[in-house]
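Visitor: Structure below; questions to follow.
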Amino acid sequence: MTRWIFLCFVATVQATPLVKAGNPTNFSLSLPGATVPVGYDAFLLRCIEQQSRMQFDWKSYPNNRLFHLVKTGELDLVYPALFDAERDKKSVRSIEFVTVNNIWLTLPDSEVDLTDKSIAVSVKRGSLQASYLEKAGYTNVVYVEEFDKQLATLDARRVDAALIPDLSLKALLSDRSPVYRQHIFNTTSGGFYLSKEFAKHHLHSVNQAILLCQQQISKPALPDE
């Protein structure tokens, strides 16, 4: 009697983790949501995705919904996210790799006392810029849904000033824009915020990818053109 022995070899292929990633709507030209992401931040983000051996599936959301989704775990991570003690209670921050200047913006022909806490200031709803104004004691804050609405509100002279991140401002300005007066309100840092469950398994690899990419990609001495 002849016996046939069949050997079955099973090759195990580790699938690339699909990361549910969110970014603020219309935050800057370096975000995945832009038509063609450009600049240092775009190169760095792509490098982090490759080095972490993950595939980021990007979707854009308004700020409040964005941070709600990462808190509940419906998103794995948020970028770019400015670090804040309140956000730390709900999500887990990566190491720092984003720096943002928050800019006071006023019209070129206006003389606004930015230290006057009663001036009308437009700010994006749910943003940390809104929180900064509230903590600083500004009492006449006008909330809008998107950064471009801040400029429209300012141009229409419905407010005295706007407070906006420099990355977002750069994305919005064109050759037709007024030559706004600009002053730095403060400088803040950030990176990714990860959901607590996602961070349990992937925070280390994400942070290692950030460090490696910061070494590989030199930050320009001057802002991107």
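The values are calculated or read from the model by the stated rules, or taken from the named source; none is laboratory data. Remember, it's a predicted structure, so these values are computed and weren't measured experimentally. All Cβ positions, even for glycine, are placed from backbone atoms using ideal geometry, and neighbour counts span all protein chains on display. All accessible areas refer to the heavy atoms of the entire protein, side chains included, with ligands and DNA or RNA removed. Shrake-Rupley method; radii C 1.70, N 1.55, O 1.52, S 1.80 Å.
Visitor: Scanning segment 49-68 for residues that are of a type in the set (Ser, Thr, Tyr) and more than 17 Å from Arg87 (Cα to Cα), which turns out surrounded by the fewest Cβ atoms within 10 Å (Cβ to Cβ)?
Guide: Only one residue tops the list, namely Ser60.
Visitor: Open to solvent by 60 Å² or more (accessible area, probe 1.4 Å), closer than 27 Å to Gly191 by Cβ and either in contact (Cβ under 8 Å) with a residue 12 or more places away in the chain or over 13 Å from the mean Cα position of the chain (by Cα) (or both): which single residue out of Arg157, Arg125, Arg87 fits that description?
Guide: Step by step, each of Arg157, Arg125, Arg87 is checked, and only Arg125 is open to solvent by 60 Å² or more (accessible area, probe 1.4 Å), closer than 27 Å to Gly191 by Cβ and either in contact (Cβ under 8 Å) with a residue 12 or more places away in the chain or over 13 Å from the mean Cα position of the chain (by Cα) (or both).
Visitor: If you don't mind, there's one more thing I want to ask. Looking at Ala171, Ala162, Ala81, Ala130, can you tell me which residue is closer than 30 Å to Leu18 by Cα and either in contact with a Lys or Arg (Cβ under 9 Å, 6 or more places away or on another chain) or not in a helix (DSSP H, G or I) (or both)?
Guide: Only one candidate qualifies: Ala81.
Visitor: So, one more: Of (1) assigned to a strand (DSSP E or B); (2) over 26 Å from Phe67 (Cα atoms), Arg157 satisfies all except one. Which?
Guide: (1)
Visitor: Just to check your reading of the model, which residue among Gln208, Gln215, Gln182 is among the polar types (S, T, N, Q), under 23 Å from Ser94 (Cβ atoms) and in contact (Cβ under 8 Å) with a residue 60 or more places away in the chain?
Guide: Gln208
Visitor: Can you tell which of Lys117, Lys71 is touching a residue at least 12 places away in the same chain (Cβ under 8 Å), buried (at least 17 other Cβ atoms within 10 Å of the Cβ) and basic (Lys, Arg)?
Guide: Result of the check over Lys117, Lys71: Lys71.
Visitor: Right, something else. Would you pick out the residues in segment 41-74 that are within 14 Å of Lys90 (Cβ to Cβ) and in a helix (DSSP H, G or I)?
Guide: Residues satisfying the conditions are Asn63, Asn64, Arg65, Leu66, Phe67, His68, Leu69, Val70, Lys71, Thr72.
Visitor: Which count do you get for residues in segment 93-113 that are surrounded by 14 or more Cβ atoms within 10 Å (Cβ to Cβ) and over 15 Å from the mean Cα position of the chain (by Cα)?
Guide: Matching residues across segment 93-113 total 6.
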